[in-house]
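The values are calculated or read from the model by the stated rules, or taken from the named source; none is laboratory data. Note that the structure is a prediction, hence the values are computed from the model and not measured. Every residue, glycine among them, receives a Cβ derived from its backbone with ideal geometry; neighbour counts consider all protein chains shown. Side chains included, ligands, DNA and RNA excluded: accessible areas come from the protein's heavy atoms. Shrake-Rupley method; radii C 1.70, N 1.55, O 1.52, S 1.80 Å.
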Amino acid sequence: MPQNKNLKPVTLPMDLKFDKPCTTEWSNNLKALRVELVDSPVRSQALNVAWQYVKATWADHYNDTSPACTGLRALSKNLEDVLCFRALPTPMECLGFTFKLSGLSFQEVTHIIRHRAGSFAAQCTGDRDLRDDPAVIPEAVENSPEFAERYRKITEDAKQLYADMTDSKQISMMDARMILPKCMTSFYLMRLNLKDLLGFISQRQDVQIQPAADNIIAAYMARELVKVLPEATSRINFN
């Protein structure tokens, strides 16, 4: 069969780790959680959108919805009315927020993607070598030396088996990854409009039925939100 010897080498988007040793960075499962707000509207945009939408209801002329001559206090009060459903709530659907959630075990991932109102992008596991991915351990296990030792050993043995299968070139990464435990972490990008974000925070703040990790993620997301929109404190109870 003829060969094309003029093909250019392909540059892969991930590192190749064949025949390299496994490493595991261990963290407490709650302390590992991180929330970063990577994209959001600025406050002036939110105030403008809320004012335009609400005032359009009674406007006689299209220019009547302009917030140009409106003071900051009135704009802020109007946004609070929107957030608390005292005015047309539609503006919340126009304001998008994108978060990067990291330090997630498989358990947190299943809870997050269950919220179907969001849009998600996941850290890949199918064609990225996972032998150096971190892992988390719950505090109760950390405080039980015998269980903690077995917990770490099983995780590290599973990772080594993954690496051995991958290095053999006989088993694909997609098949080898099936052996990996749920305690290994990943990150997700999560996009929500403001209305759904407030709903997610409210739901995940429930300390009676939600696990502690969900409570912490909700609190971190709420903290990032109020940095952008102080008016959101009218809907969020940090207690």
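Consider T110 against the criteria (1) modelled with pLDDT under 95; (2) open to solvent by 20 Å² or more (accessible area, probe 1.4 Å); (3) under 23 Å from V228 (Cα atoms): it satisfies all of them except one. Which criterion is unmet?
Unmet for T110, out of (1) modelled with pLDDT under 95; (2) open to solvent by 20 Å² or more (accessible area, probe 1.4 Å); (3) under 23 Å from V228 (Cα atoms): (3).
Output yes when any residue across segment 165-173 is surrounded by 19 or more Cβ atoms within 10 Å (Cβ to Cβ) and not β-branched (V, I, T), and no when none is.
Taking every residue of segment 165-173 in turn, none turns out to be surrounded by 19 or more Cβ atoms within 10 Å (Cβ to Cβ) and not β-branched (V, I, T).
A68 passes all but one of (1) at pLDDT 95 or above; (2) among the hydrophobic types (A, V, I, L, M, F, W, C); (3) open to solvent by 60 Å² or more (accessible area, probe 1.4 Å); which number fails?
Of (1) at pLDDT 95 or above; (2) among the hydrophobic types (A, V, I, L, M, F, W, C); (3) open to solvent by 60 Å² or more (accessible area, probe 1.4 Å), only one is false for A68: (1).
R34 fails exactly one of the following numbered conditions: (1) in contact with a Lys or Arg (Cβ under 9 Å, 6 or more places away or on another chain); (2) open to solvent by less than 90 Å² (accessible area, probe 1.4 Å). What is the number of that condition?
It is condition (2) that R34 fails.
Return a yes/no flag: does segment 16-24 have any residue that is at pLDDT below 95, of a type in the set (K, R), within 30 Å of E156 (Cα to Cα) and open to solvent by less than 80 Å² (accessible area, probe 1.4 Å).
The answer is yes; a qualifying residue exists.
Restricting attention to segment 37-61, which residues are among the β-branched types (V, I, T), over 26 Å from the mean Cα position of the chain (by Cα) and either closer than 18 Å to F99 by Cβ or buried (at least 17 other Cβ atoms within 10 Å of the Cβ) (or both)? Quick ask: steps written out before the conclusion?
Of the residues in segment 37-61, the ones among the β-branched types (V, I, T) are 38, 42, 49, 54, 57.
Next, from what is left, pick out any that are over 26 Å from the mean Cα position of the chain (by Cα): 54, 57.
Matches in segment 37-61: V54 only.
Does any residue in segment 216-231 that is free of Cβ contacts under 8 Å to residues at least 12 places away in the same chain come within less than 7 Å, Cβ to Cβ, of a residue that is in a helix (DSSP H, G or I) six or more places away or on a different chain, and which pairs are these?
Note: pairs meeting the criteria are V226/A232; V226/T233.
Filter segment 97-107 down to residues that are within 21 Å of L198 (Cβ to Cβ) and out of contact with any Leu (no Cβ under 7 Å at 6 or more places or on another chain), then give me how many there are.
The first filter runs over segment 97-107 and keeps only residues within 21 Å of L198 (Cβ to Cβ), leaving 97-101.
Checking the rest, the ones that are also out of contact with any Leu (no Cβ under 7 Å at 6 or more places or on another chain) come to 101.
Qualifying residue count for the region: 1.
Output the strands (runs of 3 or more DSSP E) that fall wholly within segment 85-204 and possess 1 or more residues being at positive phi, or say none.
On the way: elements: 96-104, 119-122, 135-137, 186-193.
Hits in segment 85-204: 96-104.
Let me confirm something: among I201, I137, I154, which residue is open to solvent by 80 Å² or more (accessible area, probe 1.4 Å), hydrophobic (A, V, I, L, M, F, W, C) and either under 21 Å from the mean Cα position of the chain (by Cα) or farther than 30 Å from V49 by Cα (or both)? Give the steps one after another, and end with the answer.
On the way: I201 fails: open to solvent by 80 Å² or more (accessible area, probe 1.4 Å); I137 fails: open to solvent by 80 Å² or more (accessible area, probe 1.4 Å).
Of I201, I137, I154, the one residue that is open to solvent by 80 Å² or more (accessible area, probe 1.4 Å), hydrophobic (A, V, I, L, M, F, W, C) and either under 21 Å from the mean Cα position of the chain (by Cα) or farther than 30 Å from V49 by Cα (or both) is I154.
Has segment 207-224 got at least one residue that is in a loop (DSSP other than H, G, I, E, B), out of contact with any Ser or Thr (no Cβ under 7 Å at 6 or more places or on another chain), open to solvent by 30 Å² or more (accessible area, probe 1.4 Å) and more than 24 Å from V109 (Cα to Cα)?
No, segment 207-224 has no match at all.
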